[in-house]
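Trainee: Quick one: the structure is below, questions incoming.
The values are calculated or read from the model by the stated rules, or taken from the named source; none is laboratory data. Because the structure is a prediction, the values reported are computed rather than measured. Counting neighbours? That spans all protein chains shown, and the Cβs are built from the backbone with ideal geometry, glycine included. We work out accessible area using only protein heavy atoms, side chains counted, and drop any ligands, DNA or RNA first. Shrake-Rupley method; radii C 1.70, N 1.55, O 1.52, S 1.80 Å.
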Amino acid sequence: MTSQLARELADSVVEREIQHFLEQSEVRPPKPFDIASIHVPSTPLTERIVSYANEVLHPAIFNHSNRVYYLGAAMVQDYLPQWKFKWEDYFLTSILHDIGLAPSLQLNSPLSFEYIGGIHAREKLVEFGAPQFQADEVAEAIIRHTDETEGYIRQSGYMIQMSTTIDVTGRNPQWYHPHTIDQTVQKFPRLGFNNVFADAMVAEYEQKPGSNLCKRDKSIYLERVRNNSVMEKDLNGKAVQ
């Protein structure tokens, strides 16, 4: 590994544990964001990846993948503007982080969905012209996106953990303004996501005993997913689980 590559990796490392992480930032109530103001990378690579993900993922999971980009982007802009954040890497990670739940992948491999997803994402990124380093960074974040043990992780990996956990189980809502959440759900409706995702996790538990997911208590985790109330309302007050 070159010294330049080592420095680049070191610059993107953050403390995983939430309280230590937030010591880097001013701790205060979150600001409301007009999500139309959030930059979304638009390149031939991102356009091909979005088109591919939209083709192979369940619509509820595809919308979830878009929501986590906006939620993570809002948190970085609000609390962590000092980060040298790689927006395209994070966008690609967001769109592809659950690609392992595509019907063509999840139950056609003994690998945990995060692992087959990371491997497949890397393959597609390279196929679509991404540099190997970028493809590796995205794959790393996807493989580790449900790994919440203490220690260190790179920035895109941390943000994908933060944004997926609020959208899936409602964890840490204090770092997101309700207006930001509502606008995100308006733009990318949940389409029954709570139950769609929970059903995919049931398949993972039952068809892949011993998978990465099995470190979580099945009944507790599925109850949290199916009953995530943080994300349940749109701006019109309608239930959108």
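Trainee: Give the stretch 130-148 a look and list any residue that's without any contact (Cβ under 8 Å) to a residue 40 or more places away in the chain and of a type in the set (Val, Ile, Thr), or say none.
Mentor: Initially, the stretch 130-148 is screened for residues without any contact (Cβ under 8 Å) to a residue 40 or more places away in the chain, giving 131-132, 135-136, 139-140, 143-144.
Residue satisfying the conditions is ILE143 alone.
Trainee: On to the next question. Restricting attention to the stretch 151-171, report how many residues are among the charged types (D, E, K, R), surrounded by fewer than 23 Cβ atoms within 10 Å (Cβ to Cβ) and farther than 14 Å from ALA141 by Cα. Before the answer, list the steps.
Mentor: The first filter runs over the stretch 151-171 and keeps only residues among the charged types (D, E, K, R), leaving 154, 167, 171.
If we keep only those that are surrounded by fewer than 23 Cβ atoms within 10 Å (Cβ to Cβ) as well, we get 154, 171.
In the following step, the residues that additionally are farther than 14 Å from ALA141 by Cα were identified as 171.
Total satisfying the criteria: 1.
Trainee: Could you list, in sequence order, the residues of the stretch 152-177 that are basic (Lys, Arg) and within 17 Å of LEU80 (Cα to Cα)?
Mentor: Kept after step one, since they are basic (Lys, Arg), are these residues of the stretch 152-177: 154, 171.
Of everything in the stretch 152-177, just one residue is basic (Lys, Arg) and within 17 Å of LEU80 (Cα to Cα), namely ARG154.
Trainee: How many of the residues in the stretch 119-168 are assigned to a helix (DSSP H, G or I) and basic (Lys, Arg)?
Mentor: Residues of the stretch 119-168 that are assigned to a helix (DSSP H, G or I), as a first pass: 119-127, 132-143, 155-168.
In the following step, the residues that additionally are basic (Lys, Arg) were identified as 122, 124.
Within the stretch 119-168, residues that are assigned to a helix (DSSP H, G or I) and basic (Lys, Arg) number 2.
Trainee: Considering only the stretch 37-54, how many residues are open to solvent by 80 Å² or more (accessible area, probe 1.4 Å), in a helix (DSSP H, G or I) and either without any contact (Cβ under 8 Å) to a residue 12 or more places away in the chain or over 23 Å from GLY100 (Cα atoms) (or both)? Please lay out each step first, then the result.
Mentor: Going through the stretch 37-54, the residues open to solvent by 80 Å² or more (accessible area, probe 1.4 Å) turn out to be 39, 42, 44, 47-48, 54.
Now restrict to residues that are in a helix (DSSP H, G or I): 44, 47-48, 54.
Applying the additional criterion that residues be either without any contact (Cβ under 8 Å) to a residue 12 or more places away in the chain or over 23 Å from GLY100 (Cα atoms) (or both) yields 47, 54.
Number satisfying all stated conditions: 2.
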